[in-house]
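The values are calculated or read from the model by the stated rules, or taken from the named source; none is laboratory data. Computed from a predicted structure; not experimentally measured. Don't worry about glycine lacking a Cβ; one is built from the backbone with ideal geometry, like all the others, and counts go over all protein chains shown. With ligands, DNA and RNA removed, areas are computed over all heavy atoms of the protein, side chains included. Shrake-Rupley method; radii C 1.70, N 1.55, O 1.52, S 1.80 Å.
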Amino acid sequence: MLLEIERPLDGPAPRHPECSVATQKWLVGLPFHARGRQTVWMYYIVDRARDRPQAVWAAKARAGREADGRCRGGPAPEAGPVEVRRIMEDPIGNVTLGCS
């Protein structure tokens, strides 16, 4: 389906209603101490988060599950920096990561 949206010559392009969603997709990296005290980063894709703090909260909740702990062989994520990147998809399906 092709949509035509008129664009005023002197202003920004109008946004299509489907493009302005309230939730977004995020890539959240959390550091863990694996066996041998080596730091290992685990990355979680969080869908339907409204903002960065909600995405981090959801990733930490997922990381705290027992099944995830068994997979990585270690405790909950360590305190410290996390990496958060917004996953963006353009109208033709190209996926890119936003700046952290």
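Within the range 19-44, residues that are open to solvent by 50 Å² or more (accessible area, probe 1.4 Å) and assigned to a strand (DSSP E or B) sit with their Cβ atoms under 8 Å from residues that are at pLDDT 80 or above and hydroxyl-bearing (S, T, Y), at 6+ positions apart or across chains, in these pairs: H33/T39. Please determine, by comparing only the residues of the range 18-54 that are in contact with a strand residue (DSSP E or B) (Cβ under 7 Å, 6 or more places away or on another chain) and small (G, A, S), which one is modelled with the lowest pLDDT. Taking the candidates together, the pick is A34. The residues in the range 85-100 that are among the small types (G, A, S) and either assigned to a strand (DSSP E or B) or open to solvent by 80 Å² or more (accessible area, probe 1.4 Å) (or both) can be counted, and the count is 1. Checking the structure you have, find out if any residue of the range 6-17 is modelled with pLDDT of 80 or more and open to solvent by 70 Å² or more (accessible area, probe 1.4 Å). Checked against the condition, which is being modelled with pLDDT of 80 or more and open to solvent by 70 Å² or more (accessible area, probe 1.4 Å), the range 6-17 yields no hits at all.
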